[in-house]
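Below is one structure; the comments refer to it alone.
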Amino acid sequence: MKMDLNYLKKLIKMLDTSELAEIEIEEEGTKIRLSKPRPKMVASLPVQAVQPAQPVPQQVLTEAEVSKNLIKMQENIETKNENISEIRSPMVGTYYSSPSPDAEAYVKTGDSIKAGAVICIIEAMKLMNEIECEISGKIVKILVENGHAVEYDQPLFLIEKD
Amino acid sequence: MKTDSLSEILIAYNLRAVLYFNSIDSTNKYARENNLPSGSLIIAAEQTKGRGRFDRNWESEKGSNILLTIVKSIRTENPALINFYASYIVYKTLTDLFTAGDNGFALKWPNDILLDGRKICGILTELKNIKTDRKKFYIGIGINVNQLKFSESIRNKSTSLVKHFNRKSDISDLIARIIKNFCENIKLAFDYSSLTEIWRKAAKLEGKRVEFRLNDTTEAHSGVITGIKDDGAIEIESDTLVGVRKKSVYYSGEISFI
């Protein structure tokens, strides 16, 4: 397990967006325990994520090894929040919220979108990928800031399915 | 050496169509909005909204340069490498045709071509749906050919073939050569390890000192290029932290030689 910042951030995000009160992982002698106050909200809605304490690092780190624990936990979260889906980045690159710096963002929190709509651009090596939303629903949360680096499979949006 | 005309190449490589525009907003935009099929080639004498990355304007004097979009569907798992293929094809076409000496043409990561250290070719590719196996790319290529004067803002950064070689080139002939090379070498676009190896050898970037920035809103930092990865990413050993040597791998951003 790689105890880097990215890994920890993933854990924090996961805890935030889940109904779990606590996550504890032990591997190779290192133990992490994260906890949060019990959410007061309706169970099917995700708790508003706490802003990460650190800015997202500018450089792309070598892809952190996702442990089996992590995958298992993700599965748990996804099944618990049946109405909430994550839109993940299909590639490593830079996230752009709008088609050009002056243009309006493709989507903002609270927007209802139809499947097939473009929701952002991920740029890598001057290949501009228009990312389409695969489901119809409402944008509950945008997890990445414009112009920041994203990793493969990093969650970009939380969407509440119609 | 005479090359085949563009219409001969169109038939020889079974392309769909060549569309010529006197003036258009952007060849990429036109191809995308009209969902043109693979094998289409869009050429313009002028683009009113030509653009580069970060929405930077791509400036080009009417009728003087190459402005084109190739629409090509390719089954690939590493879509970003299409730009390495396109830049290598243009680089090869230019270096086969013109001898510019040691300080002549150079590939700049990720896919610019420089002449005398100044930009002569820019490439920007758009992809609509990354999740399909067969991906349709709109490969936009701009090459400065016969333009002598550039606006003040890019005068020190841009050049053209005519500025270096002191003679005008036949634009149609140059396009035909590029398309011929593009079609003839297409297998290389699928062969990642060969492609990155060829690109690496042509670019000779390792050991070069550069300034790197992720985009227009971030600060630049300096370092030394330590390699180009097989997936096209650049590795830079940054020298911003005193006493700490840190290698970082980037998939996006811009380098400038210092």
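Where a number appears in this text, it was derived from the coordinates with a stated rule and is not lab data. Everything numeric in this text was worked out from a predicted model, so none of it was measured. Heads up, the Cβs are rebuilt from the backbone with ideal geometry, glycines too, and the neighbour counts pull from every protein chain shown.
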Express in whole angstrom the spacing between the alpha-carbon centres of the stretch B:120-160 and the stretch B:188-258. 20 Å
Taking θ = phi - 60°, what integer Hz values does the Karplus form 6.51 cos²θ - 1.76 cosθ + 1.60 yield along the stretch B:117-126, in sequence order, with x for Gly and Pro? x, 10, 6, 10, 9, x, 10, 9, 10, 10
Can you tell which of B:ARG200, B:ARG51, B:ARG75 shows the greatest fluctuation in a Gaussian network model of chain B with Cα springs below 10 Å? B:ARG75
Can you sort B:ASP112, A:ASP162 by how many other beta carbons sit within 10 Å, fewest first? A:ASP162, B:ASP112
Here the stretch B:155-170 yields Karplus 3J(HN,Hα) values (6.51, -1.76, 1.60; θ = phi - 60°; whole Hz; Gly and Pro given as x) of 4, 7, 10, 10, 8, 9, 4, 5, 5, 7, 9, 6, 9, 7, 10, 7
Selected from B:TYR13, B:TYR85, B:TYR138 as most flexible by GNM, with chain B as the system and alpha-carbon contacts under 10 Å: B:TYR13
Given backbone amide H placed at 1.01 Å from N, residues whose amide H is under 5 Å from that of B:LYS208, ignoring those fewer than 5 places away on the same chain, are B:ILE225
Which ³J(HN,Hα) values in Hz, rounded to whole numbers, follow from the phi angles of the stretch B:7-15 under the Karplus curve 6.51 cos²θ - 1.76 cosθ + 1.60, where θ = phi - 60° and Gly and Pro get x? 5, 5, 5, 3, 7, 4, 10, 6, 6
Among the listed pairs A:LYS126/B:LYS108; B:LYS119/B:LYS229; A:LYS114/B:LYS29, those beyond 18 Å (Cα-Cα): B:LYS119/B:LYS229; A:LYS114/B:LYS29
Counting each DSSP H run of 4 or more residues in chain B as -39500 (n - 2.57), what helix-only mean residue ellipticity at 222 nm follows after dividing by all residues, to the nearest 500 deg cm²/dmol? -7000 deg cm²/dmol
Skipping prolines and chain starts, which residues have an amide H placed within reach, meaning under 5 Å, of the one on A:CYS120, given they are 5 or more residues away or on another chain? A:ILE131
Counting other beta carbons within 10 Å of each Cβ, put B:PHE84, B:PHE150 in order, fewest first. B:PHE150, B:PHE84
What residues have an amide H closer than 5 Å to that of B:SER158, excluding those fewer than 5 places away on the same chain, when H is modeled at 1.01 Å from N in the peptide plane? B:LYS119
Residues B:VAL18, A:VAL107, B:VAL244 arranged by fewest to most Cβ contacts within 10 Å: B:VAL244, B:VAL18, A:VAL107
